[in-house]
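Data first, discussion second: the structure below is written as structure tokens.
The values are calculated or read from the model by the stated rules, or taken from the named source; none is laboratory data. Remember, predicted model here, so these are calculated numbers, not experimental data. Using ideal geometry, Cβ is built from the backbone for each residue, glycine included, and neighbour counts are taken over all protein chains shown. Accessible surface is based on the protein model in full, side chains and every heavy atom, while ligands, DNA and RNA are left aside. Shrake-Rupley method; radii C 1.70, N 1.55, O 1.52, S 1.80 Å.
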Amino acid sequence: MKCMKPLALLNDLLKSNVLGKGRLLSLDVGDKYVGLAISDPYYKIASPLSVLVRSSSNIELMAADFEVLVSKLSLVGFVVGYPFHRLKPSPDALQVKLLIDNLSQTGKLQGVKYTYWNESFTSKIEETMLKPLNLPQVQMKSIIDKFAAVAILQGYLDFMNKNLKLEPRD
């Protein structure tokens, strides 16, 4: 896996002529789960995908799941939520970095490019929005994780679309 700066990732993808052919996957990394969201092929809209169970003992399984998703969904890069507090990485940022490092060490995701994107408060915002639904706790957590991943990816896409001209190519 190769880490890139946010603008560099999308510039690299545009130079690779994958606009309309590949998608981005967003990861919202939590203690127990990783929420996933996916972009459309033109990098305009983020949609919820699923939630993966996270533990140090299943890193090989997670890497295999990501490997399948890369192939099945034509993924060209990951946008990984990274928690900041007052413009510095928060204490939770370590678990995000460890997960990405562990996934990289499996060797199953070679060639996958990724970037970090500020995910501060995404889960809290989603939780506040969903609270009136009074869903069971397990269901609520799964939905929060997926939609936090959507918020991360949509934030990235909106910023990139403001700073780059992303026009569909024939």
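Things worth noting here:
- The numbered conditions (1) on the phi < 0 side of the Ramachandran plot; (2) open to solvent by 60 Å² or more (accessible area, probe 1.4 Å) are all true for I38 except (2).
- Checked against the criterion of being open to solvent by less than 20 Å² (accessible area, probe 1.4 Å) and not in a strand (DSSP E or B), region 1-12 contains one or more residues that satisfy it.
- Members of region 69-122 that are among the aromatic types (F, W, Y) and surrounded by fewer than 19 Cβ atoms within 10 Å (Cβ to Cβ): F84, F121
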